[in-house]
Amino acid sequence: MMQEKDSMFEQMTARGHDRLCFHHDKETGLRAIVAIHSTALGNALGGTRRWYYESEDDAVYDVLRLSKGMTYKAAISGLPMGGAKSVIMMPHREFGRTEAEARAMGRFVDTFNGAYIAAEDVGVDTQFIDWMAHETNHVMGGETVSRGGDPSPWTALGVFHGMRACLLQAGLGEDFVGKTVALQGVGHVGQNLCKLLHGAGAKLIVADINKTNLDTAVDEFGATVAHVDDILKAECDILAPCALGGVIDGNMVEHLRCPIVCGAANNILDDPEEDAVALKTAGIVYGTDFVVNAGGLIHLAGMHLGMTDDELVCKNDEIFTTTQQILELTEHSASSYAAAVEIAEQRIANGQGLSVHAS
């Protein structure tokens, strides 16, 4: 007998969500979902992911998980913002995007009257955001109609800061010279991270399903290419998952050959509560994903909140000290993930968006 799946309401309740909204645009065929996890600290900013899902259940699972992560990401970063996410369900993998589809998504976002502010995610770029912005003011990350631009360099910079903190925690110093970093995924964020790491003297091992991305990493940063099936098991100082989530579970932990896991992907761990404990038990330092990859959110949310350029830089720099503090707390907590969640949930419960401006 097949195990009965939790209803959508049960899934929402389990994760503490406020709203889960479906939308179908008859003219374009757009099928999209917006999940607002929390607005306790402020309006919720989160990316729009354009992806092919095998089933509607997969799309719901993804948007619920991602949106909850955004709540934690904003709270741990000290931003007076909530957490949300949206997904556009592509009918097939090669389905081309259109301005009409983007505008339809913009109209859907506009129905939330600012409670949800959309931004860029997998499958969406600055052009798509600008198309959406023709229909709503509640979007960040465009270049002509909207503002904020590509957040990838800021996300990469935050991960770089998080890696520095992890190196110190692992007793490897703060210097990347001679260190080997294995990156799973070298798209927009991954390429920017490669640039920072290469400039700091690190050796790079990369894997990606896109050959053009690999060629760029090899030609510009002297990276060594690994097969996508082997990258997670590569011998390295830092393993950096920078593609999609759920790549490390309890079984994979046993095969890791690294003292540190710290990457840009959302939801790196399949079951974060259990898998983070497994990493700690194995003696592997884990830079909690929603802490270290918050740079893009900080940039776009900070602009939305009116922060200056200097304040945005300072706020991104804080990822280093925040990661350090969480890793220090890990000694007395079940895992670094548990320590980070505890801090985030305390801030949410207390209504502490902290200050808009960086300290």
Single residue of Asp317, Asp309 found to be outside the structural domain of Val186 (by TED's automatic domain parsing), surrounded by fewer than 21 Cβ atoms within 10 Å (Cβ to Cβ) and either touching a helix residue (DSSP H, G or I) at 6+ places or on another chain (Cβ under 6 Å) or under 14 Å from Gly162 (Cα atoms) (or both):
Asp317
From the option list Tyr53, Tyr72, Tyr61, single residue qualifying as without any contact (Cβ under 8 Å) to a residue 40 or more places away in the chain and among the hydroxyl-bearing types (Ser, Thr, Tyr) is Tyr53
I need a count of the residues in the range 84-104 that are of a type in the set (Val, Ile, Thr) and surrounded by fewer than 23 Cβ atoms within 10 Å (Cβ to Cβ).
1
Could you tell me which of the residues Asn251, Asn266, Asn213 is within 21 Å of Leu157 (Cβ to Cβ) and either surrounded by fewer than 20 Cβ atoms within 10 Å (Cβ to Cβ) or at pLDDT 95 or above (or both)?
Asn213
Filter pass, Thr155 being closer than 24 Å to Arg31 by Cβ, touching a residue at least 24 places away in the same chain (Cβ under 8 Å) and not small (Gly, Ala, Ser):
no
Can you pull out the residues in the range 29-69 that are among the small types (Gly, Ala, Ser) and under 15 Å from Phe290 (Cβ atoms)?
Ser38, Ala44, Gly46, Gly47, Ser67, Gly69
For the range 278-301, give me the residue count where each residue is crowded, with 21+ Cβ neighbours inside 10 Å, of a type in the set (Val, Ile, Thr) and outside any loop (DSSP other than H, G, I, E, B).
4
Residue, surrounded by the most Cβ atoms within 10 Å (Cβ to Cβ), within the range 105-128, restricted to residues that are under 21 Å from the mean Cα position of the chain (by Cα) and part of a loop (DSSP other than H, G, I, E, B):
Val124
With criteria (1) in contact (Cβ under 8 Å) with a residue 12 or more places away in the chain; (2) outside the structural domain of Gly96 (by TED's automatic domain parsing); (3) assigned to a loop (DSSP other than H, G, I, E, B), Gly171 comes up short on (1)
I'd like to verify a number: residues in the range 212-234 that are outside any loop (DSSP other than H, G, I, E, B) and more than 23 Å from the chain's Cα centre (by Cα), how many?
7
State whether the residues of the range 319-330 include one that is among the acidic types (Asp, Glu) and under 21 Å from the mean Cα position of the chain (by Cα).
no
So Asn267 clears everything in (1) touching a Lys or Arg at 6+ places or on another chain (Cβ under 8 Å); (2) assigned to a helix (DSSP H, G or I) except one condition, right? Which one?
(2)
Looking at the range 164-182, can you tell me whether even one residue there is over 23 Å from Ala223 (Cβ atoms) and in contact with a Pro (Cβ under 7 Å, 6 or more places away or on another chain)?
no
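The values are calculated or read from the model by the stated rules, or taken from the named source; none is laboratory data. For clarity, every value in this text was computed on a predicted model and none was experimentally measured. A quick note on method: Cβ atoms are made from the backbone with ideal geometry, for glycine too, and the neighbour counts reach across all protein chains shown.
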